[in-house]
Amino acid sequence: MANSLHLSREVKVWVKFGDSYWNVPILDGLSFSQSTNTAEVSVKEMGASDNTSRRGRLMFNDSLSPAEWSFSTYMRPFVREISGPANEHHAVEEVLWAMLVGADTADYSAANDKFDEATSINNTATQATMKFGKSNALTFPDATIYFQFPGNDAGDSGNADLWYELAGSTVNECSMDFDIDGIATANWSGMAKSLKEVAAISTGNGEITAAEIIDTSSYIRNRLSTLALTNGGEGELQSAYSLTLTGGSITISNNVEYVTPSSLSVVNEPLGHVLGGRNISGSFTCYLDHGTSKSADLLQDMLSRTGDVKNSFGLTLNVGGTTASTPHVIFNAPKAHLELPSHSVEDVVSMEVNFHALGTDISSTDEVNITYKGA
């Protein structure tokens, strides 16, 4: 009997951004769906003379909610071998960053296999940088995401590849958790205007090659991560603190909303998206250490400064270390607002610090810069 099932282990994700296709390798746990908003009409009457009363109800499809999708990828910087004076740094999941920061589709040159925009995505011979210089916008360029479920029985003509298309896709949020024993991972989620099954598409080889996808040298080990924390404000806080991390996370959110009309007697579909406030926040954990300029000093100093209206720290998180021999990602928040640390009493007493990455002023887009460096 032919096998007509599709297996999640074989799924591929393709992202069409502009005219280019990107094959994005993902982890287990992907999801995508679209739901219907319904309206209910019910009647409730007093009893008639014969003790009867209408108690029915009707349901109507009112509108389609935006499609929702989510999956996880590893954070994987690599150096692409190209002809010319220098090789350039890239990331396997680079197209998702382009969607998150609002890069223009015209910024990418398929001929040169690179972005070329210093304010959003920039690939150079020393690093690949992701910035938010174009993110003060009402909308971002749409992308189209395809989920390909390969047919696993070539002898069954009815078991061809199954393709689902999410048109008008945007990245709403990216969350990165730095588990001490894990590999650097980014959790992506977003929305789209519509979800439908489509015929197979022609993607070509994709902007990320098969050799780059299977190259294991681009994986980042979280345990090599370091944190540099400097006081960018005034007062009695020390100029710098030296903290050794046990874990952490960063979340970048665009707060995307989709606009849907509400005409009667039709099933309304989303027209498109608008962007809410940009929110970049996170936390880091470390042991409570009484060494000089260690975590206990940070806790003591911040508790003594509870009357400060604002505080400002320069926060640089090197995920995967700092040496050129290992791939790593650098998160630099020049102006981070730290909340009061909280204790966690376990076998070894530790503390957690929540932070918010802020711009130079309320109109700035310099909350954080992300730098990828391949080995």
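The values are calculated or read from the model by the stated rules, or taken from the named source; none is laboratory data. Fair warning: this is a prediction, and the values are worked out from it, not measured in the lab. Cβ: placed from backbone, ideal geometry, glycine included. Neighbour counts: every protein chain shown.
Scanning region 187-199 for residues being free of Cβ contacts under 8 Å to residues at least 60 places away in the same chain and part of a strand (DSSP E or B) gives a total of 3. Restricted to strands (runs of 3 or more DSSP E) entirely inside region 86-186, those with at least 2 residues that are surrounded by 15 or more Cβ atoms within 10 Å (Cβ to Cβ), of a type in the set (A, V, I, L, M) and under 18 Å from the mean Cα position of the chain (by Cα) are 128-130, 143-149, 162-177.
Restricting attention to region 214-260, report how many residues are in a strand (DSSP E or B) and either more than 30 Å from Gln34 (Cα to Cα) or not aromatic (Phe, Trp, Tyr) (or both). Even if it seems obvious, please write down each step before you answer.
Step one: filter region 214-260 for residues in a strand (DSSP E or B), giving 221, 226-231, 240-243, 245-253, 256-259.
Now restrict to residues that are either more than 30 Å from Gln34 (Cα to Cα) or not aromatic (Phe, Trp, Tyr) (or both): 221, 226-231, 240-243, 245-253, 256-257, 259.
Final tally of qualifying residues: 23.
Report yes if some residue within region 21-29 is out of contact with any helix residue (DSSP H, G or I) (no Cβ under 9 Å at 6 or more places or on another chain), without any contact (Cβ under 8 Å) to a residue 40 or more places away in the chain and under 30 Å from Ser189 (Cβ atoms); otherwise report no. Looking through region 21-29, none of the residues is out of contact with any helix residue (DSSP H, G or I) (no Cβ under 9 Å at 6 or more places or on another chain), without any contact (Cβ under 8 Å) to a residue 40 or more places away in the chain and under 30 Å from Ser189 (Cβ atoms). Within region 63-84, if we keep just the residues that are closer than 18 Å to Ala375 by Cβ and part of a strand (DSSP E or B), the residue that is modelled with the lowest pLDDT turns out to be Arg80.
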